[in-house]
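Have a look at the structure below, then the notes.
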Amino acid sequence: MKQFVQGQRGPSLDISQTTEVTCDECGNDKFTVVFKVRKVAALLSPSGQEGFVPLQTFECTSCGHINEGFMSDYR
Ligand SMILES: [Zn+2]
C-alpha cells in the first residue's frame, strides 16, 4: 500500500478490485481521517519560513491505532 486514492476517481475504480483494510491491532475495519503534523525548519522550508505540514492518515475508530502501512509514504 504505497499510495492513497485521493478523492473521487470517477467510474473507473472498481470497488470489487480493492482490498479491505483492517486495524493491525484489533481487526476493526473502520477508520477516521486524522492528520499528523510535521514541523519544517526555516532552512528546509520552500518559503524560507518555519512552518507546519499536515500528513493525512487513517486512525482506527475502535482503538485509535494507525497501521504502519498508512504512514509508509512519509518515511
Ligand atoms: Zn484498532
note = The condition from (1) away from the ligand (no atom under 16 Å from the Cβ); (2) modelled with pLDDT of 95 or more that C26 misses is numbered (1)
key: Members of segment 31-62 that are at negative phi, loosely packed, with under 12 Cβ neighbours inside 10 Å and more than 16 Å from the chain's Cα centre (by Cα)   = K39, A41, A42, L43, L44, P46, S47, Q49, F52
inquiry  = Being modelled with pLDDT of 90 or more and either within 16 Å of the ligand (Cβ to nearest atom) or touching a Gly at 6+ places or on another chain (Cβ under 7 Å) (or both) narrows it down to one residue among F52, F58; which is it?
reply    = F58
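The values are calculated or read from the model by the stated rules, or taken from the named source; none is laboratory data. Remember, it's a predicted structure, so these values are computed and weren't measured experimentally. Quick reminder, even Gly has a Cβ in these numbers, built from the backbone with ideal geometry, and neighbours come from all protein chains shown.
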